[in-house]
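The values are calculated or read from the model by the stated rules, or taken from the named source; none is laboratory data. None of these values were measured; they are calculated from a predicted model. For accessibility, only protein heavy atoms count, side chains too; no ligands or nucleic acids. Shrake-Rupley method; radii C 1.70, N 1.55, O 1.52, S 1.80 Å.
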Amino acid sequence: MSTSNSPSSATEPAGGSSNGTPLLSVRGITKRFGPVQALTRIDFEVPPGQVTALAGDNGAGKSVTIKTIAGLWPPDEGQLLWEGKPVQLHGPRDSEALGITTIYQDLALCENLDIVQNMFLGHEELRHLLLDEGSMELAAKKTLDSLNVRTIRSIRQPVASLSGGQRQSVAVAKAVMSKAKLVILDEPTAALGVAQTRMVLDLITRLASQGVAVLVVSHNLNDVFQVADRLVVLYLGRMVAQGPISDFDTTSVVEYMTTGRTTRNSDSGPSQSAQKGDAG
């Protein structure tokens, strides 16, 4: 596991690709809003085919981080590397063009439209200048089936009639149809019941098993330890730890989130070097 002042924090191999290159590398990202320092030299990696969890307390910088990756806010310092190459994002379209899809808590679904219409919104398929309803229905059904989404009664039912977990499923399926390489999920299980949460966590696991990189922002550590392969912890706008999920336990993560460091020793969790984490 790497910490914010560990020499390996910016170079630790993330794995997950044939040449060891992470799909996304965040390098020294700093973001200011007037006098407010939102992010300070953030470093972490997102490998393909794995679930990376981004954890931190309120105000830690999670939202600013994902919106920077999504192209909404350009960084003041640092850079993003996509498949090992530096990229500059001038807006969400640049991010989407690379294959990055961000699913925020509001899901950006139209409740008055049905599932097929939502999944193809803005990318409708045409045949002889008319909507190719049959082709879109087939593609939507195949995508949902590939994600093992079985609880939806009809792909023609309005989104307004779906549960929270089912809506998350539609939003993720829409990202899959857009051939996303990285899907960012912002608090995907917030306000969901036990059964719906289980559905969404299973969906995240299946998404990663298909080779898609998943970056999950979550306050729920139970969810994080169930699905994550890697963990990145932010504290007051700084990255204080990152590494395989096996390097952490609940106590150490809570300590990182609340103090920016941990008192755990190498025999009971993260390495002793974590005690040197920058508390900002």
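Computed over protein heavy atoms with a 1.4 Å probe, the accessible surface of the chain works out to 46 Å² per residue.
Listed values for region 30-47 are Karplus-derived 3J(HN,Hα) couplings in whole Hz (6.51 cos²θ - 1.76 cosθ + 1.60, θ = phi - 60°), namely 10, 9, 10, 10, x, x, 8, 8, 7, 9, 9, 6, 6, 10, 6, 10, 10, x, and x replaces Gly and Pro. Gyration tensor analysis over the Cα atoms of region 115-216 returns equivalent ellipsoid semi-axes of 24, 16, 11 Å (largest first, whole Å).
Span-like helix criteria (full DSSP H runs; alpha carbon extent of at least 15 Å along the helix axis; mean Kyte-Doolittle hydropathy of at least 0.0) are satisfied in the chain by 164-177, 194-209.
Computed from phi, the 3J(HN,Hα) profile of region 244-249 under the Karplus parametrisation 6.51, -1.76, 1.60 (θ = phi - 60°) reads x, 4, 5, 7, 10, 9 Hz, with x in place of Gly and Pro. Quick one: grab the alpha carbon gyration tensor of region 106-165, order the square roots of its eigenvalues as a ≥ b ≥ c, and give me rounded if a/c is under 1.5, else prolate or oblate depending on whether a/b is larger than b/c. Oblate. Remark on L215: its backbone amide H falls under 5 Å from those of T52, V183, I184, L185, a criterion applied only to residues 5 or more positions apart or on other chains, H modelled at 1.01 Å from N.
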